[in-house]
Amino acid sequence: MMLRPNVIHLHFGLKKPVRILQLTDVHLSLADERDGEDMVAHAAARRNTFFKEAGYPERDPVGYLEEAMKYAEDFDCTVITGDVLDFMTHANCDTAKKLLAGRDYMFCAGNHEFCPKVGVPDSFTRKEQKIDEIQSCFRGNMVFESRIVGGVNVIAIDNSYYTWTKEQLEMLKAEVSRGLPCILFCHSPLTCAHLDHNPPHKDLHASDEVVAITRKVTDYIIREPLIRAVFSGHYHNNGTEVLGDKTGYILGGLFKGIVGEIIID
Ligand SMILES: [Fe+2]
Ligand SMILES: [Fe+2]
């Protein structure tokens, strides 16, 4: 196997252990004649960037995603935490659809899912316009989704552009009220400097209202005892963050072959 598992054990006192696979930051960088010559060249440059960043790995992102989805068959649940696409092209969307077809997984988007070309400024308006198109490449509901897996409430929630919404807070509270231990999956780590937009994001000009609700949701996640751990990506390297009394686990990129195995007993 070419994958490099990062294994995390959590103890919730379950009767039977639950095994969850997390995948993140695949960064598919493909383009073809439908996307135009400019994007074909951009895609080649981006593939080269990730190949170097990953230290000249055995497989390309397509190969790793293929292998990871096969590996996922041995798990109770798979959660993909965004940046599957490096940018929006026909070739990337088609490849994601093909590799994920017939597979069961939960998905929340990353900042790159809404990127037309790397270097183009991030935009809330574009995200709004493109969200259905991007959702059509993936199953489920990428804004908020939950499922109970062996007595654990697994929640995937969007914070791709470093914001949360009050609707998400309501949905989160409704899930917590079910009384089961919860684990949360999202793209951006909760201590990511961009998440409360202070200092302001260079492209995204979040309103005071959006910043306030984002802080409120982050605070709720950190303080709510039934939310036991948070799993994110975005940084491309494995790491952890301190979230009050709990730990945030940050998973490295699948373009490096890294997968996250979460074993809960
Ligand atoms: Fe990424
Ligand atoms: Fe990201």
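Below is a table of values for the structure above.
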{"read-out": "Mean ellipticity per residue at 222 nm, deg cm²/dmol - from DSSP H runs of n ≥ 4 across the chain, formula -39500 (n - 2.57)", "value": "-9500 deg cm²/dmol"}
{"read-out": "Assigned charges on the beta-carbon of Lys, Arg, Asp, Glu; region 211-265 dipole about Cα centre (debye)", "value": "200 debye"}
{"read-out": "Average accessible surface area per residue within the chain, 1.4 Å rolling probe, Å²", "value": "44 Å²"}
{"read-out": "Extended-chain gain in nm, criterion 0.36 nm per residue less alpha-carbon gap, ASP32 and ILE148", "value": "37.8 nm"}
{"read-out": "Rounded, prolate or oblate (a/c below 1.5 giving rounded, otherwise prolate when a/b exceeds b/c) for the chain by Cα gyration tensor", "value": "oblate"}
{"read-out": "For the chain, share of DSSP beta bridges that run antiparallel, in % to the nearest 5", "value": "35 percent"}
{"read-out": "Fraction of accessible area attributable to carbon and sulfur, the chain (%, probe 1.4 Å)", "value": "51 percent"}
{"read-out": "Length gained when the stretch ARG103-LEU226 is fully extended (0.36 nm per residue, less Cα-Cα span)", "value": "41.4 nm"}
{"read-out": "Lys pairs under 23 Å by Cα in region 102-227, provided they are eight or more residues apart or on distinct chains", "value": "11"}
{"read-out": "Cα gyration tensor shape for region 65-177, rounded if a/c is under 1.5, else prolate or oblate", "value": "oblate"}
{"read-out": "Part-to-part distance (alpha-carbon centres) for region 1-35 and region 169-189, which is given in Å", "value": "19 Å"}
{"read-out": "Residues in region 78-116 reached by a label modelled at GLN129 [backbone nitrogen below 14 Å; 7 Å Cα→Cβ]", "value": "88, 114-116"}
{"read-out": "Loop-located trypsin sites (Lys or Arg not before Pro) in region 166-244, at most 13 other Cβ atoms within 10 Å (DSSP)", "value": "ARG178, LYS202"}
{"read-out": "Cut-off 15 Å between beta-carbons: net charge of the residues surrounding TYR235, Lys and Arg +1, Asp and Glu -1", "value": "-3"}
{"read-out": "Length added when fully stretched, ASN141-ALA44, from 0.36 nm per residue minus Cα-Cα", "value": "31.8 nm"}
{"read-out": "Longest exposed-site-free window of the chain, the sites being GluC sites (Glu not before Pro) in a DSSP loop that have at most 11 other C-beta atoms within 10 Å", "value": "59-265"}
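The values are calculated or read from the model by the stated rules, or taken from the named source; none is laboratory data. This is a predicted model, so every value here is computed, not measured. Reconstructed Cβ throughout: ideal geometry from the backbone, glycine too, with neighbour counts over all protein chains shown. Accessible surface is based on the protein model in full, side chains and every heavy atom, while ligands, DNA and RNA are left aside. Shrake-Rupley method; radii C 1.70, N 1.55, O 1.52, S 1.80 Å.
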